[in-house]
Amino acid sequence: MSTAASVFRRRLFTGAAATTFVWIFVTDNVMSLQMIKGRSMQPALNPDSNRLKNDVVLVDKTIRGMMSSRLKRGDIVTFTSPQDPDCHLVKRIIALPHDCIVPLSSPDSYVRIPNGQCWVEGDESFHSSDSNTFGPIPIALIDARVITPVWPLSRFGTRLPPLPEWKKPRIYPNGGPRMSE
């Protein structure tokens, strides 16, 4: 014979377990919050040079796998470093498969981006370890796309700036004319 208290406890436990499973599924597969550290994405992220303040951003994780075709030039993404699998980086997509890009390190040459890969760079090139260092990255390394800052509160919901204008002359979409033309 069950009492009202035991029925309540069972329902409470069942509800808490279901909520936990839904929360885990959503944060692993749909969206979550991530703290951004470092200066490589200034001024888009962490615009205050004070290293004690880090942006926390809302990220969209539904762009992985078959949905990666939704990625576009200018998106800010999080990904696993191709050099260190324990390190996660945040950079902007500059070039997509079949595009040509002029690397900052060799302005007299260009790199054609292979199928299934992309070129990523930080907005602050002097403080960024990016595709100029390690080359194009596999799109499969991308974990999420940054949607908007949520912390500090003064930046909550602000729009992220688009692809910086100074980067556009180095990009040849699909190997054609420059983006700025």
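Laid out as a table, the results:
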| quantity | calculated |
| --- | --- |
| Crossing angle, helix 4-29 versus the chain [Cα axis fit, 0-90 degrees, rounded to tens] | 10 |
| Taking N as its residue count, the alpha carbon Rg of region 81-181 over 2.2 N^0.38 Å | 1.13 |
| Leading residue at positive end of dipole, the chain (Cβ point charges), from N174, I24, H88 | I24 |
| Solvent-accessible area of K61 with every protein chain in place, 1.4 Å probe, in Å² to the nearest 10 | 30 |
| FRET efficiency, H88 to K168 (Cβ-Cβ, R0 25 Å, nearest 0.05) | 0.40 |
| Distance between modelled label sites at D28 and A140, nm, 7 Å Cα→Cβ extension | 2.0 |
| Region 43-139 shape via C-alpha gyration tensor axes, a/c threshold 1.5 | oblate |
| Hz values of 3J(HN,Hα) by residue in region 164-175 - Karplus curve (6.51, -1.76, 1.60), Gly and Pro given as x | x, 4, 5, 7, 4, x, 8, 10, 10, x, 6, x |
| Nearest-10 value in Å² for the accessible area of E124, using the 1.4 Å probe | 50 |
| Selection from T78, N132, S105 lying farthest towards where the dipole of the chain points positive, charges on Cβ | T78 |
| Answer label, with Rg/Rh (Cα atoms, Kirkwood Rh) calculated from the coordinates and candidates (i) 1.13; (ii) 0.97; (iii) 0.94 | (i) |
| Pair R70, S105: separation of 7 Å Cα→Cβ label points (nm) | 3.3 |
| The chain, relative contact order in percent, only Cα pairs under 8 angstrom and at least six apart counted | 23 |
| Approximate spin-label separation V150-F21, in nm, with each point projected 7 Å along Cα-to-Cβ | 2.4 |
| Extension gain from D48 to R10, taking 0.36 nm per residue of separation minus the Cα-Cα distance | 8.8 nm |
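The values are calculated or read from the model by the stated rules, or taken from the named source; none is laboratory data. Please read all numbers here as calculations on a predicted model, not as lab measurements. Virtual Cβ from ideal backbone geometry, glycine too; neighbours counted across all protein chains shown. Ligands, DNA and RNA are excluded from the accessible area calculation, which covers all protein heavy atoms including side chains. Shrake-Rupley method; radii C 1.70, N 1.55, O 1.52, S 1.80 Å.
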